[in-house]
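To start, the structure itself, in structure tokens.
The values are calculated or read from the model by the stated rules, or taken from the named source; none is laboratory data. Quick caveat, the model's predicted, so the values are computed rather than measured. Positions of Cβ are generated from backbone atoms using ideal geometry, with glycine treated the same way; all protein chains shown enter the neighbour counts. Heavy atoms of the whole protein, side chains included, go into the accessibility calculation; ligands, DNA and RNA do not. Shrake-Rupley method; radii C 1.70, N 1.55, O 1.52, S 1.80 Å.
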Amino acid sequence: MSETDMSKYEKKIIVRNIRMEDIDEIMKLWKRCFPGMEPWKREQLESHIRIFQEGQFCVEYEDKIVGSCSSLIVNFDEYDDQHTWNTITDNGHITNHDPHGFNLYGIEVMVDPEYRRMKIGHRLYEARKELARQLNLQSIIIGGRIPNYYKYKDKMTPREYVAEVEKHSIYDPVLSFQLLEGFKIKRINSRYLPDDVASASFATLMEWNNIDYLPKSRRVYRASFPVRICAIQYMMKKIDSFEDFTKQIEYYVDVAADFGSDFAVFPEIFTTQLMSYLEEKRPDRAVRRLAEYTDQYIELFTELAVRYNVNIIGGSHFVEEDGDIYNVGYLFRRDGTIETQTKLHVTPNERKWWGIAEGNEINVFDTDCGKIAIQICYDIEFPELARIAVDNGANIIFVPFCTDDRQGYLRVRYCAQARAIENQVYTCIAGTVGNLTHVENMDIQYAQSGIFSPSDFGFARDGIVGECDANVDTVVVGDVDLEKLRRHRNSGSVRQLRDRRRDLYRIEFNESN
């Protein structure tokens, strides 16, 4: 008996996470599902994938996307009972997503009209439920449309309509389905979706409780989440060996550890101090000789971060790759792991004297004290970079810098304080002082290192957590509160992250570089 080729009869249906290349197809799907309602914008869907890809699902049938859903995680108790869709989603961009929250909030489900009655919606809801179990979330909350209400709005109130649907006296394609999926009605919200004419802008707030939820001690509301930062104002002076350099570095790390710091922050290109004994007069050659110390530099800081149990922002160091020299910032975590951020904008001075090449990646790093970014000196003067970093979750931006005069220093400082206000984020600048009399282009330094906060009630006066005296060999230690920052983003006097006019402008990062 010959075997039948079964593959020609197969029709594959797949539930998976949404990817960037799916966006065009999903935008077309929306128009088929919700004609007359404002569709997704590309930047909104890109934001969903970038911030919380695990919560974005689609159903693929015979290589075509026939359904999708989006969600984020929130602490639902922190939102108003009569919140709107725009409020709970940050105008559709989910930048308010809280990975430490308790509730998965579903913000959209759509199924291609041609593929209904294939359990597409059920598959998407099951994917959400499984995600809630995997992430150990208390519940799933949704704001559900009541699209058949327009037929009855002259005869009954939304509450009466919902009651009739619950009794199966009226069929509503959304509410009836959600009730069958095990969701319970909590209340009815008015003005939830202003452009939802069929529902008269009303929505049913519904919840599915995860019976497998297990409370964990780490998942509690925090009164505060303090993070201690030690910014090191590093004295540049002549040394005679790498051992001299090591002693000076270890001294500062020891000071940071004695204060119980979570981060010790060194300045930009402070390793040029090694040039003071290299006896190379030509700057372009000296910088390449300095790059030969990269392995020793990395080994030193990795060992110190682990031994002193402090995350170290290792300033920056000149690194040679494929014949080019880059200005590279380092994060040395106290667990021994390492990350890098290359300087993206090179100053005319760096090009002239050292021939420094530009980097192309904007990174945000996970740490045991939340997400952080490193923006080296000149980079903080380009506001787009800080906005991208914060949109990707950064709560602190560290700015190692090196300036030789007050004007240059003030550019870095004013921009760091502006970024803190614009993005409701903490910033920290750490610079070099002193002089290297025998090193070309590094002869004098000017700095006043500091730690900055947003400017609002509850934060430090003048937005200054702490600052050093100018041009002295010292450190500044200050505490920043990530929980206070999170709450401020939701309820501050001003909310720059939420109030952006995304309908007028947006920032795009060219990921093809």
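Side notes on the structure shown:
- Net charge contributed by nearby residues that have their C-beta within less than 9 Å of Arg228 (K/R +1, D/E -1): -2
- Over 31 Å between alpha carbons, listed pairs Lys247/Lys484; Lys237/Lys371; Lys119/Lys371; Lys119/Lys151; Lys153/Lys186; Lys31/Lys484: Lys247/Lys484; Lys237/Lys371; Lys119/Lys371; Lys31/Lys484
- Extension gain, Asp322-Tyr414: 0.36 nm per intervening residue step, less the Cα-Cα distance, totals 29.6 nm.
- Calculated diffusion of the range 362-487, Stokes-Einstein form, Kirkwood radius summed over Cα pairs, 4 °C and 1.567 mPa s, µm²/s: 87
- Most to least accessible of Asp295, Asp456 (protein chains only, probe 1.4 Å): Asp295, Asp456
- Accessible surface, the range 384-513, averaged per residue in Å² (probe 1.4 Å): 45
- Residue (of Gly143, Val74, Leu179) at the positive-pole extreme of the range 58-197, dipole from beta-carbon charges: Leu179
- Distance (nanometres) between label positions extended 7 Å along Cα→Cβ at Glu114 and Asp80: 4.2
- Within the accessible area of the chain (1.4 Å probe), percent carbon and sulfur: 47
- Lys237 contributes about 100 Å² of solvent-accessible surface, heavy atoms of the protein only, 1.4 Å probe.
- Cβ-defined net charge surrounding His122, 13 Å radius [Lys, Arg +1; Asp, Glu -1]: +3
- Probe 1.4 Å, all protein chains present, accessible-area order of Met37, Met206, largest first: Met37, Met206
- Charge dipole (debye, nearest 20) of the range 140-183; +1 at Cβ of Lys and Arg, -1 at Cβ of Asp and Glu: 140
- Pairwise Cα distances in the chain exceed 38 Å in 39 percent of cases.
- Approximate spin-label separation Arg502-Leu180, in nm, with each point projected 7 Å along Cα-to-Cβ: 3.2
- Label-point separation in nm, Asn17 to Ile338, each point 7 Å along Cα→Cβ: 2.8
- Shown is the FRET efficiency for Phe382 and Arg159, computed with R0 = 60 Å from the Cβ-Cβ distance and rounded to the nearest 0.05: 0.70.
- Taking every DSSP helix (H) stretch of at least 4 residues in the chain, weighting each as -39,500 (n - 2.57) and dividing the sum by the residue count yields a mean residue ellipticity at 222 nm of -8500 deg cm²/dmol.
- Charge dipole of the chain about the Cα centre (unit charges at C-beta), most positive-ward option of His122, Ala470, Met275: His122
- Heavy-atom SASA rank of Trp40, Trp353, Trp85 (probe 1.4 Å, accessible area, largest first): Trp353, Trp85, Trp40
- Sparse-neighbour loop sites [GluC sites (Glu not before Pro); the range 60-102; at most 16 other C-beta within 10 Å; DSSP]: Glu62
- Close amide H contacts of Gly315 (hydrogens built in the peptide plane, cut-off under 5 Å, sequence separation of 5 or more or a different chain): Phe266, Tyr330.
- Alpha-carbon Debye profile of the range 33-144, log10 I(q)/I(0) at 0.10, 0.14, 0.18 Å⁻¹: -0.29, -0.57, -0.94
- Note on the chain: antiparallel DSSP beta bridges, both residues inside, total approximately 70 percent of the bridges counted.
- Given charges at beta-carbon only (K, R positive; D, E negative), |dipole| of the chain in Debye: 2160
- For the range 1-120, a crude dipole built from +1 on the beta carbon of Lys and Arg and -1 on the beta carbon of Asp and Glu, taken about the Cα centre, is about 500 debye to the nearest 20.
- Rounded accessible area of Ile73 (nearest 10 Å², 1.4 Å probe): 10
- Length added when fully stretched, Asn441-Glu279, from 0.36 nm per residue minus Cα-Cα: 56.9 nm
- Working note: Karplus 6.51/-1.76/1.60 with θ = phi - 60° gives the range 331-345 the couplings 10, 9, 6, 6, 8, x, 8, 9, 10, 9, 9, 7, 5, 8, 10 Hz, where Gly and Pro are set to x.
- Only protein heavy atoms count here; on that basis, with a 1.4 Å probe, Cys468 has an accessible area of about 10 Å².
- Formal net charge of residues neighbouring Arg413 (Cβ-Cβ distance under 12 Å; K, R +1; D, E -1): +1
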